[in-house]
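The values are calculated or read from the model by the stated rules, or taken from the named source; none is laboratory data. The structure presented is a predicted model; accordingly, all values stated were derived computationally and were not measured. Here the Cβ positions follow ideal geometry from the backbone for every residue, glycine too, while neighbour counts run over all protein chains shown. These accessible areas exclude ligands, DNA and RNA; they are computed on the full protein's heavy atoms, side chains included. Shrake-Rupley method; radii C 1.70, N 1.55, O 1.52, S 1.80 Å.
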Amino acid sequence: MSLFDTLSETLFDPLERARENVDARLEMAEIARILSVGNGVAQVAGFTDLHADELVSFPHGIMGIASNLRQDRIGVIVLGDTDRLRPGDKLRRTGRVVDVPVGAALLGRVVDGLGRPIDGNGPLDTDERQPVERPAPPIMHRAPVDVPLQTGIKAIDAAIPIGRGQRELILGDRQTGKTAIAVDAILNQRDTGVLSIYCAIGQRASAVARVIQDLRKGGALERTIIVVAGGNDAPGLQFVAPYAATTMAEHFMAQGRDVLIVYDDLTRHARAYRELSLLLRRPPGREAYPGDIFYIHSRLLERATHLRDEHGGGSLTALPVVETQAQNISAYIPTNLISITDGQVYLSPELFEKGQLPAIDIGTSVSRVGGKVQLPAFRAVAGNLRLMYSQFEELESFARFGTQLDDETRIKLTRGQRVREILKQREHQHLNVPEQVAALLAATEGLLDDIAPDDVAAAEETVQNAVQKFEPDLCERIGAGADLSQDDRDALIATMRRALHAKEDEKDNGDA
């Protein structure tokens, strides 16, 4: 065999066979190069045609959103780790906007701000995707908010009722229990058919892990989607996460389902957007926030609504969380969100320090939907609770001066103290409607006036058990939304009074 035949057999023949297996295709793509990159933002140049908010692809599978479009350069929000990118790296257009997977396959999963699973349970079993930025439903597609969303928390369900399709802000200083209230609201939906989404923005990994553990322990994880953009993630992911979570929720709402979404919290979301805006050289405004900071939250929260039946009939209830500093609820971001939402639940650090948990300040909190979404039994029992409690707090402040009090004022103070004790509730202690109605009725009707404040919790449990045991039909009607007639009211009071007397007699016999 000649040298030429040997080379042909060992070198040219394999190349010929490899060429036959190659499917040569001409693929056109617009390529640009990175000019500078860092802190979650890249400046690029080279695109001849690019749309605002279009998705671009960097090396290493990192994506970005075209934000600032200028003739000489383009500012891109990087949705990933910028440490892996270098000036000179190439990027290309994708021709699409940011979208996320949607569908039932996400229930029970933990995903990042782009809908990618991060819980180690494999890929998502869904091919359906929807853009994260979508217009809010038109006014004519919306129905009145008239169905209650029970949180299982007495202070909220009685005095600050929330309806399905409402936007209720939860605000207060750090470490006052804001996340606990939101998680309890999710846990209380286990028998209501309401799906839930918890969106963690800028949170510590340990705090998110604790929420996931609470949801798993409470049996709520399988009907909840967890969207996480942690404090160590890129600011672009923190910015896009709540919009992605809302898109996932809207998919179920369009199918006629009721969805509860928690944004925890929008203070960090605003800070992430401020950081991106300053890096993109946008003009700063008040407190260095960009001029459209109000718009980014309003276009998010306006997507929460209750749809008319002809448009699906579903609802999306939003519970945004915002952190205040030194109880300053008139700061820039809190006042923005107060003006966007339909009410607020304010948690006071002073009440928290006094052991009044949950530390809800009923006087400062408000629901602009109000009694329209309350069950009739709640309205009959707690209709004047806010007024009575506010009067009690004023009397209590006045009584501290040591002035002589008349009998009527003493009765109001005694009853107000019992109502305050009744409104206390342990974390993850969820009460159904009949149990809440029984406790509030006992306190407002004076059945607990002769009981020491420290013993009110035990007395509350006594009356709740008695009502459930001796008035099961009445409890079922109350839970179903029936009116509380005077006869029903008298029956509940008589049952609770007998139970309290029996408990007192049992205690006296034990002491003897």
- In segment 272-312, which residues are over 18 Å from V132 (Cα atoms), among the charged types (D, E, K, R) and buried (at least 20 other Cβ atoms within 10 Å of the Cβ)? R274
- Task: Kindly check whether there is at least one residue in segment 329-346 that is part of a loop (DSSP other than H, G, I, E, B), touching a Leu at 6+ places or on another chain (Cβ under 8 Å) and not β-branched (V, I, T).
- Result: no
- Message: For a quick check of your reading of the model, give me the residue pairs whose first member lies in segment 329-351 and is of a type in the set (S, T, N, Q), whose second is surrounded by fewer than 17 Cβ atoms within 10 Å (Cβ to Cβ), with beta-carbon atoms closer than 6 Å and at least 6 apart or on different chains.
- Response: none
- Task: Check G177, G202 and return the single one that is under 27 Å from V76 (Cα atoms) and either in contact with an Asp or Glu (Cβ under 6 Å, 6 or more places away or on another chain) or not basic (K, R) (or both).
- Result: G202
- Message: When you scan segment 206-228, do you find a residue that is under 22 Å from A482 (Cα atoms) and open to solvent by 40 Å² or more (accessible area, probe 1.4 Å), even just one?
- Response: no
- Filter segment 49-100 for residues that are in a strand (DSSP E or B), over 34 Å from the mean Cα position of the chain (by Cα) and surrounded by fewer than 17 Cβ atoms within 10 Å (Cβ to Cβ) and give the result. K90, R92
- In segment 102-119, anything assigned to a strand (DSSP E or B) and either touching a residue at least 40 places away in the same chain (Cβ under 8 Å) or in contact with a Cys (Cβ under 8 Å, 6 or more places away or on another chain) (or both) is listed as V110, V111
- Note on the structure: Residue pairs qualifying under the 7 Å Cβ cut-off, at least six apart or on distinct chains, with the first in segment 367-382 being over 11 Å from I478 (Cα atoms) and small (G, A, S) and the second being assigned to a helix (DSSP H, G or I) and open to solvent by less than 30 Å² (accessible area, probe 1.4 Å), are A382/A158; A382/A159; A382/L440
- Query: If you take the residues in segment 70-119 that are farther than 12 Å from L55 by Cβ and polar (S, T, N, Q), which one is modelled with the highest pLDDT?
  - Reply: T82
- Task: With the condition kept exactly as written, say whether any residue in segment 370-385 is modelled with pLDDT of 95 or more and small (G, A, S).
- Result: no
- What are the residues in segment 456-512 that are part of a loop (DSSP other than H, G, I, E, B) and in contact with a Cys (Cβ under 7 Å, 6 or more places away or on another chain), if any? none
- Exception for I338 within (1) touching a helix residue (DSSP H, G or I) at 6+ places or on another chain (Cβ under 8 Å); (2) at pLDDT 95 or above falls at (1)
